[in-house]
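What follows is a set of notes on a single structure, which appears directly below.
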């Protein structure tokens, strides 16, 4: 969800100059897709189902037993399931350390 919110605010942040990109991007080679925020949303997410949680008319959609959830195949978005690995992804090796 945090990434959704960042991409929502990114165009304004860049336009207003408070994203810090004025110092960073000139040092990198340019690309036609720079600042293509819609494409970023397409490649960074498996889907956008999480946004259903913020639609008042979809109240209860987080429950995998709800009719709308089953129809869309959303899955379990209740808090106890937030940190489970997607079924099409390998879980992170628990023995691997985190970078600091």
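Read-outs: derived from the displayed coordinates by stated rules, not from any lab. These figures come from a predicted structure and were not determined experimentally. Glycine gets a Cβ as well: all are built from the backbone with ideal geometry, and neighbour counts include every protein chain shown.
FRET efficiency for residue 87 and residue 37, Cβ-Cβ distance as r, R0 = 30 Å, nearest 0.05?
For residue 87 and residue 37, the calculated efficiency is 0.60.
Just to verify a number: FRET efficiency for residue 70 and residue 44, C-beta to C-beta distance, R0 = 25 Å, to 0.05?
Approximately 0.40, to the nearest 0.05.
State whether the range 1-44 is rounded, prolate or oblate according to the following rule on the C-alpha gyration tensor (a ≥ b ≥ c being the square roots of its eigenvalues): a/c under 1.5 gives rounded; otherwise a/b larger than b/c gives prolate, and the remaining case gives oblate.
oblate
Given contacts defined as C-alpha pairs under 8 Å and at least six residues apart, what's the relative contact order of the range 46-88, whole-number percent?
Normalised by residue count, the contact order of the range 46-88 is 26 percent.
Pop out the Kirkwood hydrodynamic radius of the range 46-88 from its pairwise C-alpha distances, inverse of mean 1/r, in Å to one decimal.
Result for the range 46-88 stands at 10.7 Å.
So what is Rg over Rh here for the chain, counting just Cα atoms and using Kirkwood for Rh?
Checking Rg against Rh, the ratio lands at 1.06.
May I ask for the Rg/Rh ratio of the range 22-79, computed from Cα atoms with Rh as the Kirkwood radius, given to two decimals?
1.24
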